[in-house]
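Asks: Have a look at this one.
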Amino acid sequence: MIDLDKAGTFAMGSHTVKRIGYGAMQLAGPGVFGPPKDHAGALAVLREAVASGIDHIDTSDFYGPYVTNQLIREALHPYPSNLVIVTKISARRGADGSWIPAFSREELTEAVHSNLRNLGVDVLDVVNLRSMLDIHGPAEGSLEAPLAVLADLQRQGLVRHIGLSNVTRKQVADGRRIAPIVCVQNLYNLAHRDDDALIDELAAAGTAYVPFFPLGGFTPLQSTALSDIAKQLGATPMQVALAWLLRRAPNILLIPGTSSVAHLRENLAAVDLALSADAMAMLDRIG
């Protein structure tokens, strides 16, 4: 079995997790909408993830909608005591699968209660407030009102910790004046390096950074240098890309997603890759 402890651990508030986890988004149907093509296969991936030692699963009630949370509950409830489930709120899905901002007090409150119901828990470990000021990437603008709602739900005991997603450095700084922020979840990978400075700031502050689309998402990473290094190491380019992220900063927590048990195992094997200084330098230049 792969030893995930090799990659180390990092804290999200009162939770300390291994640095490689699992993102459940791909368990939903095409376009993160509707049920999975293979229901039993989806349950098998979740059970394999936990059996492999993963203790951090990322999800949201707007994946499906409701699909991934219900799968997680079916596969894993009652949950292992060390399992941290991180969810996110601030969007709802249209009948056509569209992503619609849901930032009002009523919508955010219902989203928390919906995640609680579908996951079958009394309190959510970590809830990320995802900025929907621009669904395609971070955009400046105040998140004070929705974050104040989430902080209120935290005071009510429904949420243990708060994170932010799809946000700018200013929004992180502003958010800290409203509530403690235990993690930031933004787009980041070998080819998309806009958050380099933010990652270093968060590392210095002891705050976790969780890159989504660590392998490029809907546009998989492609690079001659990446492929060459992978060939030299007898690994896949995606394994090298994950290994680079683990080396990039100690506060980076990985949540690569897949709907395949074989691909899950392949992703986890990235913890065994040793990247030389020369390989890191070549990979750094990709971004």
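The values are calculated or read from the model by the stated rules, or taken from the named source; none is laboratory data. Values in this document were obtained by computation on a predicted structure and should not be read as measured data. For neighbour counting, all protein chains shown are included, and Cβ atoms are generated from backbone atoms with ideal geometry for every residue, glycine included.
Asks: Restricting the stretch 53-70 to residues that are among the acidic types (Asp, Glu) and in contact with a helix residue (DSSP H, G or I) (Cβ under 8 Å, 6 or more places away or on another chain), which is farthest from residue 85 (Cα to Cα)?
Replies: We begin by selecting, within the stretch 53-70, every residue among the acidic types (Asp, Glu); these are 55, 58, 61.
Filter once more, keeping what is in contact with a helix residue (DSSP H, G or I) (Cβ under 8 Å, 6 or more places away or on another chain): 58, 61.
Numbers: 58: 6, 61: 12 Å.
Going through the qualifying residues, I end up with 61.
Asks: If you go through the stretch 226-268, how many residues are surrounded by 16 or more Cβ atoms within 10 Å (Cβ to Cβ), small (Gly, Ala, Ser) and not in a loop (DSSP other than H, G, I, E, B)?
Replies: 4
Asks: Among the residues of the stretch 8-33, which ones are assigned to a loop (DSSP other than H, G, I, E, B) and either charged (D, E, K, R) or under 16 Å from residue 86 (Cα atoms) (or both)?
Replies: So in the stretch 8-33, the residues assigned to a loop (DSSP other than H, G, I, E, B) come out as 8, 13-14, 19, 21, 24, 28-29.
Across the stretch 8-33, the qualifying residues are 13, 14, 19, 21, 24.
Asks: If residue 21 meets every condition in (1) surrounded by fewer than 21 Cβ atoms within 10 Å (Cβ to Cβ); (2) within 30 Å of residue 250 (Cα to Cα); (3) among the small types (Gly, Ala, Ser) apart from one, which number is that one?
Replies: It is condition (1) that residue 21 fails.
Asks: Then there's this: Kindly indicate the residue of the stretch 166-177 that is among the hydrophobic types (A, V, I, L, M, F, W, C) and surrounded by 16 or more Cβ atoms within 10 Å (Cβ to Cβ) and also nearest to the chain's Cα centre (by Cα) among those meeting that condition. I'd like the intermediate steps shown before the answer.
Replies: Applying the first criterion (among the hydrophobic types (A, V, I, L, M, F, W, C)) to the stretch 166-177 yields 167, 172-173.
This time we only want the ones that are surrounded by 16 or more Cβ atoms within 10 Å (Cβ to Cβ), so: 167, 172.
On the way: 167: 14, 172: 17 Å.
That would be 167.
Asks: Since residue 83 meets every condition but one in (1) out of contact with any Asp or Glu (no Cβ under 7 Å at 6 or more places or on another chain); (2) over 21 Å from residue 168 (Cα atoms); (3) not acidic (Asp, Glu), which condition does it not meet?
Replies: For residue 83, the exception is condition (1).
Asks: Quick one: what pairs do we get from the stretch 57-76, first residue closer than 17 Å to residue 89 by Cα, second buried (at least 24 other Cβ atoms within 10 Å of the Cβ) and of a type in the set (Asp, Glu), C-beta under 6 Å, 6+ apart or different chains?
Replies: 69/61
Asks: Related question: If I filter the stretch 47-96 down to residues being part of a loop (DSSP other than H, G, I, E, B) and among the polar types (S, T, N, Q), which single residue comes out as surrounded by the fewest Cβ atoms within 10 Å (Cβ to Cβ)? Even if it seems obvious, please write down each step before you answer.
Replies: Just the residues of the stretch 47-96 that are part of a loop (DSSP other than H, G, I, E, B), to begin with: 52-55, 59-63, 65-66, 77-83, 90, 94-96.
Add one more test, that the residue is among the polar types (S, T, N, Q), and what stays is 52, 59-60, 81-82, 90.
Values: 52: 18, 59: 28, 60: 27, 81: 6, 82: 13, 90: 25.
The residue in question is 81.
Asks: Also, I was wondering about something else. Assess whether residue 131 counts as being within 18 Å of residue 23 (Cβ to Cβ), under 20 Å from the mean Cα position of the chain (by Cα) and modelled with pLDDT of 95 or more. Break it down stepwise before answering.
Replies: On the way: within 18 Å of residue 23 (Cβ to Cβ): no; under 20 Å from the mean Cα position of the chain (by Cα): yes; modelled with pLDDT of 95 or more: yes.
The answer is no for residue 131.
Asks: To continue, here is another question. Condition first: in a helix (DSSP H, G or I) and surrounded by fewer than 23 Cβ atoms within 10 Å (Cβ to Cβ). Now tell me which residues in the stretch 269-282 satisfy that. Lay out the reasoning, then the answer.
Replies: Pass one, the stretch 269-282, residues in a helix (DSSP H, G or I): 269-272, 277-282.
Those that are in a helix (DSSP H, G or I) and surrounded by fewer than 23 Cβ atoms within 10 Å (Cβ to Cβ): 269, 271, 272, 277, 278, 279, 280, 281, 282.
Asks: Can you work out which of the residues in the stretch 211-250 that are out of contact with any Leu (no Cβ under 6 Å at 6 or more places or on another chain) and small (Gly, Ala, Ser) is modelled with the lowest pLDDT?
Replies: So, considering only residues that are out of contact with any Leu (no Cβ under 6 Å at 6 or more places or on another chain) and small (Gly, Ala, Ser), the one modelled with the lowest pLDDT is 217.
Asks: Filter the stretch 4-58 down to the residues that are in contact with a His (Cβ under 9 Å, 6 or more places away or on another chain) and of a type in the set (D, E, K, R), then identify the one that is farthest from residue 184 (Cα to Cα). Give the derivation first.
Replies: So in the stretch 4-58, the residues in contact with a His (Cβ under 9 Å, 6 or more places away or on another chain) come out as 12-15, 17-22, 45, 55-56.
Then drop every residue that is not of a type in the set (D, E, K, R), which leaves 18-19, 55.
Working: 18: 16, 19: 14, 55: 18 Å.
Here the answer is 55.
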